[in-house]
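A.B. asks: This structure is in structure tokens; I'll ask about it shortly.
The values are calculated or read from the model by the stated rules, or taken from the named source; none is laboratory data. These figures come from a predicted structure and were not determined experimentally. With ideal geometry, Cβ positions are generated from the backbone for all residues, glycine too; neighbour counts draw on all protein chains shown. Just so you know, the surface numbers come from the protein's heavy atoms only, side chains and all, with ligands and any DNA or RNA stripped out. Shrake-Rupley method; radii C 1.70, N 1.55, O 1.52, S 1.80 Å.
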Amino acid sequence: MAKKKEQSQRKRTPLTELLRVPVGDAVHLARTDPRSTPGTNGGKAAALAAGAATGERLAALQERLYAASTAGDRRRVLLVLQGMDTSGKGGTVKHVIGSFNPSGCRIKAFKAPTPEERDHPFLWRIKQALPQPGEIGIFDRSHYEDVLIARVRALAPRAQLRRRYEQINRFEKALADDGVSVVKVFLHISYEEQRERLLARLDAPAKHWKFNVGDIEERALWPAYQEAYELALERCSTAAAPWYVVPADRKWYRNWAIAALLLEHLEALAPQYPEGDFDVDECRSRLLSS
């Protein structure tokens, strides 16, 4: 009986609570097991079985969100994906898009800034890629690169980095005030799992294009990146735009958790189809007589 009660309680606890980084708390990534599966009830088999139903629900809510925008509803969703190389940002994008209508999505993978982008403030290129009302936006990397790699590689003075945390918080608060649900996900992968995924790329010729020799050098900076992520999560998890830490060693859990997070956010928005501004009966009669 006690076990059933515990499982029921876990089922009722939303991932937006289980995975959220509390505002103002210190972040220690080492305390979160990258192979853990918080919020699941039934393991991999149950998560995969629930995938189809979740996908249908996501698609229906996306359509309602887009439909509502035609009547002036400015709300939209922005999924921000951050994580170490091989953590699954690209795989997550592929998985999420499988549930949504691509015409209602705006996807952007942020690489190293172009010369034009470097001539503008660091948030300039982010603003160009934001989703429009009714859309689902997905960022593969984001403005956080400017406080992550910039910190690890000393590309900007520490004083400037401190100002960037504040700028990011103000920027995301403005987005939330304008109807953007900002869903920020850190894909938490282990050092060992990254090695296995990089080796898998070397073992498969069809994946050699995904391998970057520089990734080996970046592994030497793993502790510095973990510290940079901890600072970003700690300083930029706010009430308006909280961070979520998703254990990412298990790909099935990563996909399930992000789909569930998006579903919880869309259900909270509860978008509705707008009412028609025409006489239904009259239009039916005209069509029948035409």
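A.B. asks: First compute the accessible area of the chain with a 1.4 Å probe, then give the percent of it belonging to carbon and sulfur atoms.
C.D. replies: That fraction is 52 percent.
A.B. asks: Another one. Counting pairwise Cα distances across the stretch 57-107, what percent come out greater than 13 angstrom?
C.D. replies: Within the stretch 57-107, distances greater than 13 Å cover 63 percent of Cα pairs.
A.B. asks: Using only DSSP helix segments of four residues or longer, with each worth -39500 (n - 2.57), what per-residue ellipticity at 222 nm results for the chain after dividing by its residue count and rounding to 500?
C.D. replies: Taking each H run of at least 4 residues, the total per residue is -16000 deg cm²/dmol.
A.B. asks: A further question on this structure: Suppose all protein chains stay in the model; what accessible area per residue would a 1.4 Å probe give for the stretch 145-255, in Å²?
C.D. replies: Value for the stretch 145-255: 47 Å² per residue.
A.B. asks: While we're looking at this one, here's another question. If you wrap a convex hull around the Cα atoms of the stretch 33-119, how much volume per residue is inside, in Å³?
C.D. replies: It is 158 Å³ per residue.
A.B. asks: Let me ask another. Provide the packing ranking of 180-192, 248-260, i.e. peptides ordered by the mean count of other C-beta atoms within 10 Å per residue, highest first.
C.D. replies: 248-260, 180-192
A.B. asks: Another question, if that's okay. Shape call for the stretch 209-270 from the C-alpha gyration tensor, a ≥ b ≥ c root eigenvalues: rounded (a/c under 1.5), prolate (a/b greater than b/c) or oblate?
C.D. replies: oblate
A.B. asks: Using a Cα-Cα cut-off of under 18 Å, which aspartates and glutamates could be cross-linked to residue 127, ignoring same-chain neighbours fewer than 8 residues away?
C.D. replies: Partners found: 116, 117, 119, 135, 140, 145, 146, 166, 172, 177, 178.
A.B. asks: Between residue 181 and residues 5 or more places away or on another chain, which pairs have amide H atoms under 5 Å apart, with H built 1.01 Å from N, and which residues are they?
C.D. replies: Placed amide hydrogens put 76, 77, 78 under 5 Å from residue 181.
A.B. asks: A further question on this structure: Give or take rounding to whole Å, what are the principal axis extents of the alpha carbon atoms in the stretch 24-77, in descending order?
C.D. replies: Computed over the stretch 24-77, the largest-to-smallest principal extents equal 46, 36, 12 Å.
A.B. asks: Residue-wise, which Karplus ³J(HN,Hα) couplings in Hz belong to the stretch 89-101, taking 6.51 cos²θ - 1.76 cosθ + 1.60, θ = phi - 60°, and x for glycine or proline?
C.D. replies: 4, x, x, 5, 4, 4, 5, 5, 5, x, 8, 9, 6
A.B. asks: Label the stretch 60-171 by shape, choosing from rounded, prolate and oblate, from the square roots a ≥ b ≥ c of the eigenvalues of the Cα gyration tensor; if a/c is under 1.5 it is rounded, and otherwise prolate applies when a/b is larger than b/c, oblate when it is not.
C.D. replies: Note, shape of the stretch 60-171 comes out prolate.
A.B. asks: Continuing with the same structure: Hey, what D do you get for the stretch 175-290 in µm²/s if you plug the Kirkwood alpha-carbon radius into Stokes-Einstein at 20 °C and 1.002 mPa s?
C.D. replies: Calculated translational D: 114 µm²/s.
A.B. asks: Please sort 54-60, 241-247 by packing, taking for each peptide the average over its residues of neighbouring beta carbons within 10 angstrom, highest first.
C.D. replies: The packing order, highest mean first, is 241-247, 54-60.
A.B. asks: Return one whole number: the accessible area per residue of the stretch 1-136 in Å², for a 1.4 Å probe.
C.D. replies: It amounts to 57 Å² per residue over the stretch 1-136.
A.B. asks: Hey, another quick one. Return the Cα extents of the stretch 127-175 along principal axes one, two and three, sorted largest first, each rounded to a whole Å.
C.D. replies: The principal-axis extents, from largest down, are 38, 21, 12 Å.
A.B. asks: Turning to a different aspect of this structure: What Kirkwood Rh does the chain have if only Cα atoms enter the pairwise 1/r average? Answer in Å.
C.D. replies: About 20.7 Å for the chain.
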